Amino acid sequence: MNKSAVSLAALTLAALSWNQVPALRTSEPPMTLKEESLTLEYNATVGDVVVKANAECEVALDRVEVRNPHGSAIFNVRSQGGRGIALSSLKLETQESDLATLCLICPEGHYDMRAVTVDGRAVLGGAELTHELPAVPEILFPLDGDHGIAPEVTVRWALDPQADGYRVTLEQDENDGLVVNLPPGNNSFTVPAYVLAPQRRTRLEVGAIGPNGNTSAVEVLFRTR
């Protein structure tokens, strides 16, 4: 079965009741979600943070809800009642917020994930959310505001031995040109030829990934030659 993915930004954080979900249509035992995770992604340059929820299911889902440890729903998503593209592989993202506000709404602890399949079967899961963030990386080259940078630039940053890996993102003209995940111990990346266009404003983001999956990122803007 082909899995469809749903990526939702700017979701409301209002408390929604699971009682809004209609009664299940079958008496079969619940199924379980797979590969559930909840992580923070913090951008130190702009001061924004989001919570990302991920989960997979072997069957098509009609609706999904994720509830924080206080019982309030931070995600409440449904498909077109089985008439459109059903949910299966989920990538949900909260609206960008400052760190203090988001940590109040999304406290540390266990989050319940509940879902209903298109044929009315319950699907259950859960994940832990922690607020611990890795240290913000320091980009060594290129620096913010640099001009005349070769498109095949070797990006460098200060190595943090505590980081569980790094994610490098390069963007030109509001389009993600390249996203690369690197294992721990790496503090440089050479951009392949023809990825970046010449004489373009370019955004570089380097994110340190912690052992818990949370990410702290920093970004710079430079111009290729």
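The values are calculated or read from the model by the stated rules, or taken from the named source; none is laboratory data. Treat the numbers as computed from the prediction; the structure is a model and nothing was measured. Every residue, glycine as well, gets a Cβ built from its backbone with ideal geometry; the counts of neighbours run over all protein chains shown. Accessible surface is based on the protein model in full, side chains and every heavy atom, while ligands, DNA and RNA are left aside. Shrake-Rupley method; radii C 1.70, N 1.55, O 1.52, S 1.80 Å.
Just a few scattered comments:
- Residues (among the hydroxyl-bearing types (Ser, Thr, Tyr), in contact with a strand residue (DSSP E or B) (Cβ under 8 Å, 6 or more places away or on another chain) and surrounded by fewer than 16 Cβ atoms within 10 Å (Cβ to Cβ)) located in the range 182-205: Ser188, Thr190
- Residue in the range 92-109 that is assigned to a strand (DSSP E or B), touching a Phe, Trp or Tyr at 6+ places or on another chain (Cβ under 9 Å), among the β-branched types (Val, Ile, Thr) and modelled with pLDDT under 95 present: yes
- Any hit, the range 125-143, residues being under 24 Å from Glu56 (Cβ atoms), open to solvent by 60 Å² or more (accessible area, probe 1.4 Å) and touching a residue at least 24 places away in the same chain (Cβ under 8 Å): yes
- Taking residues in the range 68-79 that are touching a residue at least 40 places away in the same chain (Cβ under 8 Å), and partners anywhere that are open to solvent by less than 10 Å² (accessible area, probe 1.4 Å) and part of a loop (DSSP other than H, G, I, E, B), the pairs with Cβ atoms closer than 8 Å and at least 6 places apart or on different chains are Asn68/Cys106; Ile74/Cys106.
- Annotation: Val123 fulfils all but one of (1) within 27 Å of Arg201 (Cα to Cα); (2) outside any loop (DSSP other than H, G, I, E, B); (3) not aromatic (Phe, Trp, Tyr); the unmet one is (1).
- Filtering Glu138, Glu171, Glu219, Glu205 for residues that are within 23 Å of the chain's Cα centre (by Cα) and more than 30 Å from Glu108 (Cα to Cα) leaves a single hit, Glu171.
- Scanning the range 87-124 for residues that are within 29 Å of Leu159 (Cβ to Cβ) and buried (at least 16 other Cβ atoms within 10 Å of the Cβ) turns up Glu93, Leu102, Cys103.
Residue by residue, here is whether (1) surrounded by 16 or more Cβ atoms within 10 Å (Cβ to Cβ); (2) of a type in the set (D, E, K, R); (3) not in a strand (DSSP E or B) holds:
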| position | (1), (2), (3) |
| --- | --- |
| Glu171 | yes, yes, no |
| Val180 | no, no, no |
| Gly207 | yes, no, no |
| Asn212 | yes, no, yes |
| Val218 | yes, no, no |
